[in-house]
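The values are calculated or read from the model by the stated rules, or taken from the named source; none is laboratory data. All values derive from a computational prediction rather than experimental measurement. Positions of Cβ are backbone-derived with ideal geometry, glycine not excepted, and every protein chain shown enters the neighbour counts. Ligands, DNA and RNA are stripped out before the accessible areas are found, and what is left, the full protein with its side chains, is counted by its heavy atoms. Shrake-Rupley method; radii C 1.70, N 1.55, O 1.52, S 1.80 Å.
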Amino acid sequence: MNEPQNLASTKKTTQVHRQASKQINFRVSEPDYLKLARSAQTLNLSVPAFVKKKAQGARLVAPKIAAQDAQNITHQLAKIGGNLNQLAHHANQGGQIDPQALKDLQNEVQRVWQQLT
């Protein structure tokens, strides 16, 4: 009769091709890990990415804008871009652009600019 096959032996092994083929593991104390985690979070990096960059001697500079603020500004800029595209589309179709709509758009850009400075 048929014997059950060993499925593990029939599986093809896949080899992972990575640019960095060596892995380094080390342990740190809880206070040291928390310090690394805070520094990594400030730079919007994971702890391993932060430690790797520091080990490579990279000069890490804290972003001028917090991650949440950057996300908010990105959302605002996307809305402004959508409004600008609508106005441009309307103008390209031969329509009249309301001067107040342009002024509102300019004011919105100015508010975002103030957040960046």
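Scanning region 19-44 for residues that are surrounded by 10 or more Cβ atoms within 10 Å (Cβ to Cβ) and among the hydroxyl-bearing types (S, T, Y) yields Y33, S39, T42.
Being modelled with pLDDT under 90 and touching a helix residue (DSSP H, G or I) at 6+ places or on another chain (Cβ under 6 Å) is the filter here, so list the residues in region 74-104 that pass it. Within region 74-104, I97 is the sole residue that qualifies.
Among the residues of region 62-89 satisfying the criterion of being among the hydrophobic types (A, V, I, L, M, F, W, C) and touching a residue at least 12 places away in the same chain (Cβ under 8 Å), which is nearest to T117 (Cα to Cα)? Of everything passing the filter in region 62-89, I65 is nearest to T117 (Cα to Cα).
Let's see how each residue does on (1) surrounded by 10 or more Cβ atoms within 10 Å (Cβ to Cβ); (2) in a helix (DSSP H, G or I); (3) under 31 Å from the mean Cα position of the chain (by Cα):
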residue	(1), (2), (3)
Q68	no, yes, yes
Q71	yes, yes, yes
H90	yes, yes, no
G94	no, no, no
I97	yes, no, no
V109	yes, yes, yes
Q115	yes, yes, yes
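Considering (1) over 25 Å from the mean Cα position of the chain (by Cα); (2) among the basic types (K, R); (3) modelled with pLDDT under 90, the lone condition that R18 does not fulfil carries the number (1).
The set of residues in region 45-60 that are open to solvent by less than 90 Å² (accessible area, probe 1.4 Å) and either in a loop (DSSP other than H, G, I, E, B) or in contact (Cβ under 8 Å) with a residue 40 or more places away in the chain (or both) comprises L45, S46, G57, A58, L60.
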